[in-house]
Amino acid sequence: MDHVALIIVDVQKAFDDKKWGERNNLIAEENISKILHLWREKGWKVIHIRHTSDRPNSVFYPTNSGFAFKEMVQPIDGEVIITKKVNSSFIGTNLQEYLEQNDLKTVVITGLTTPHCVSTTTRMSGNLGFNTYLISDATAAFGLKDHNGTYYDAEMIHNLSLATLHDEFATILTTEQLINDFGK
């Protein structure tokens, strides 16, 4: 397991803002914390991704409270923190180089939100040739309206996002499956 990294995408206070609306999987952060505990216990690589915005009115602006990591997944000394400005954790960052330089061939992806930064990062990870796992109950989505104004609830958005990734870009596992498979 020396070649595996845990990537935690955008678990920031910004996603507590009511502007996002209805969310599914309210225990996603708890599951991420369980996985993070295992990784730390085993001494495996942990990479925290943080979204930033150049717009002062954004919840992701560096001086706004939403920019901060949520406490239950707060980085500790020795863990990598990468800041990004777009949905993909690979675009405009050194993530790919870090993974390659450290011979990290397998990545486990968790974080927020399933249809946006998690999905985009997962797709790119798979396309770049990394053995990619996405943890279904360690990510979450918000309800969305489409271009016609039709509303899709958070659970549907989450499940469809996972379905588009499964077996093409990543292997989808639950937290329990991951801990059982990797924790041995």
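The values are calculated or read from the model by the stated rules, or taken from the named source; none is laboratory data. Bear in mind the structure is a predicted one, so any value in this text is a computation, not a measurement. Every residue, glycine among them, receives a Cβ derived from its backbone with ideal geometry; neighbour counts consider all protein chains shown. For accessibility, only protein heavy atoms count, side chains too; no ligands or nucleic acids. Shrake-Rupley method; radii C 1.70, N 1.55, O 1.52, S 1.80 Å.
List every residue pair whose Cβ atoms sit under 8 Å apart, with the two residues 6 or more apart in sequence or on different chains, where the first one lies in the range 1-24 and is aromatic (Phe, Trp, Tyr) and at pLDDT 95 or above and the second, anywhere, is crowded, with 23+ Cβ neighbours inside 10 Å and in a strand (DSSP E or B).
Filtered contacts from the range 1-24: Phe15/Leu112.
Regarding the range 155-163, can at least one residue be identified that is among the hydroxyl-bearing types (Ser, Thr, Tyr), in a helix (DSSP H, G or I), in contact with a strand residue (DSSP E or B) (Cβ under 6 Å, 6 or more places away or on another chain) and farther than 16 Å from Trp20 by Cα?
Of all residues in the range 155-163, those among the hydroxyl-bearing types (Ser, Thr, Tyr) come to 161.
Add one more test, that the residue is in a helix (DSSP H, G or I), and what stays is 161.
Okay, now just the ones that are also in contact with a strand residue (DSSP E or B) (Cβ under 6 Å, 6 or more places away or on another chain), so none.
Within the range 155-163, none of the residues are among the hydroxyl-bearing types (Ser, Thr, Tyr), in a helix (DSSP H, G or I), in contact with a strand residue (DSSP E or B) (Cβ under 6 Å, 6 or more places away or on another chain) and farther than 16 Å from Trp20 by Cα.
Consider Leu160 against the criteria (1) on the phi > 0 side of the Ramachandran plot; (2) open to solvent by 60 Å² or more (accessible area, probe 1.4 Å): it satisfies all of them except one. Which criterion is unmet?
That leaves (1) as the condition not met.
Of the residues Thr83, Thr63, which single one is in contact with a Ser or Thr (Cβ under 8 Å, 6 or more places away or on another chain) and among the hydroxyl-bearing types (Ser, Thr, Tyr)?
Numbers: Thr63 fails: in contact with a Ser or Thr (Cβ under 8 Å, 6 or more places away or on another chain).
Thr83 is the lone residue from the list that is in contact with a Ser or Thr (Cβ under 8 Å, 6 or more places away or on another chain) and among the hydroxyl-bearing types (Ser, Thr, Tyr).
When the residues of the range 81-121 are narrowed to those that are assigned to a helix (DSSP H, G or I) and within 23 Å of Trp20 (Cβ to Cβ), which ends up most open to solvent (accessible area, probe 1.4 Å)?
Ranking the candidates gives His116 first.
Considering only residues that are surrounded by 14 or more Cβ atoms within 10 Å (Cβ to Cβ), of a type in the set (Val, Ile, Thr) and not in a strand (DSSP E or B), look in the range 53-80 and name the one that is nearest to the chain's Cα centre (by Cα).
Out of the qualifying residues, it is Val73.
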